[in-house]
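Here the structure is laid out as structure tokens; the discussion comes afterwards.
Derivation of every value follows stated rules applied to the coordinates shown; laboratory data play no part. In this text the structure is predicted, and so the values were computed from the model without any measurement. Quick reminder, even Gly has a Cβ in these numbers, built from the backbone with ideal geometry, and neighbours come from all protein chains shown.
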Amino acid sequence: MNNKVYIGVIAVLLLACAYLGYNLSKTGEEVVQKTEENEGLEMERQQLELDLQKMSFSYDTLKTENSYMMAEMAAQRTEIEDLLKKVKDKNWSVSKLKKEAGTLRSIMKGYIVTIDSLNQLNQNLMAENTELTQRVNTVEGENTDLLQRQENMEGLIATGKVLQTTSLAATAIRLTSGGNQRETSRAGKTEMIKACFTLMENPIAKPGEKNLYMRIVAPNGTILPNKDGVASIELKEEGVQNYSVSRTIDYNNQRMDVCVFYTVQGELEKGDYKMFIYEDGSKVGTIDLGLK
């Protein structure tokens, strides 16, 4: 071969080397670019996976008693877990995964705002309920106080309605052959016991008929019997008790002198006798009488 042929061959080889070098360089750049793109996508996938895990953890911290919201949040957590699986499997494009993650993040933020609002509302309601409870307790306390005052007032009025007595005195009486009454101090001659007293003026007592009862306690502690046999009354402090004699009067709220007579059954024993006067179940007077 002549020199021209060699030169031609060399030129072709140089051109071929240059072309191969250019293609190799371009392929290398594409490989680097693809590698960088893959590394970038991998970083985005890792970041997306981290974001999804944070969202899942955030759902764990959300507390609500609303059953509807609890069901909705459970469904969202399931979607997050599905999306995490897709990120790990790398079978979805990063852009599509990021778009879905963004949607889930927006929904979660909505839940956070709603739950915060509900919690704030619950706190306000609890505060209002506490205040209302305090008001109710205050009113109940005031009502209890008023009821106590009313009961005290009613008690005072009831006490005030009880008749009061003064100038109480008792005498033993024997009857003469002419039917006259004579005082005596001897038990064996006593045929009647007379108890006299004055009922005081009482403007708040109910006027009209009043039943007065007298219990006479003998020295031995027994009650002198009623002429009709055993007779009893209901006393406010002592319960049911036998009485010796009764009398009905017409009371008009003015001072009134009253005497109650007891006819002796048999012969009285010597000693001290006590007479208790009652009206409407309340004791209104006590009288002592000693017989020889």
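Which of Ser244, Ser282, Ser106 comes first, and how do the rest follow, when ranked by fewest Cβ neighbours within 10 Å?
Lowest count first: Ser106, Ser282, Ser244.
List, in order, the whole-Hz ³J(HN,Hα) value for each residue of the range 183-196 obtained from phi through the Karplus relation with A = 6.51, B = -1.76, C = 1.60 and θ = phi - 60°; use x for Gly and Pro.
Residue by residue, the range 183-196 yields 6, 8, 10, 9, 5, x, 9, 6, 10, 9, 10, 10, 10, 10 Hz.
Along each of its three principal axes, how wide is the spread of alpha-carbon positions in the range 165-291, in whole angstrom units, largest first?
Rounded to whole Å, the extents work out to 44, 33, 23 Å.
What does the extension gain come out to for Leu121 and Val162, with contour length at 0.36 nm per residue minus their alpha carbon separation?
8.8 nm
Count charges around Leu291 for me, please; just the other residues with Cβ under 14 Å from its Cβ, Lys/Arg as +1, Asp/Glu as -1.
Neighbour charge sum, excluding Leu291 itself: +1.
Please sort 192-198, 254-260, 266-272, 134-140 by packing, taking for each peptide the average over its residues of neighbouring beta carbons within 10 angstrom, highest first.
Peptide ranking by packing, descending: 192-198, 254-260, 266-272, 134-140.
Can you pull the one-decimal nm distance between simple spin-label points at Ala71 and Asp250, each 7 Å off the Cα toward Cβ?
8.5
Subtracting the Cα-Cα distance from 0.36 nm times the residue separation, let me have the gained length for Val136 to Lys88 in nm, one decimal.
11.3 nm
With 25 Å as the limit, write out which pairs from Lys86/Lys109; Lys189/Lys274; Lys206/Lys274; Lys236/Lys274; Lys85/Lys109 have Cα-Cα distances beyond it, or answer none.
From Lys86/Lys109; Lys189/Lys274; Lys206/Lys274; Lys236/Lys274; Lys85/Lys109, over 25 Å: Lys206/Lys274.
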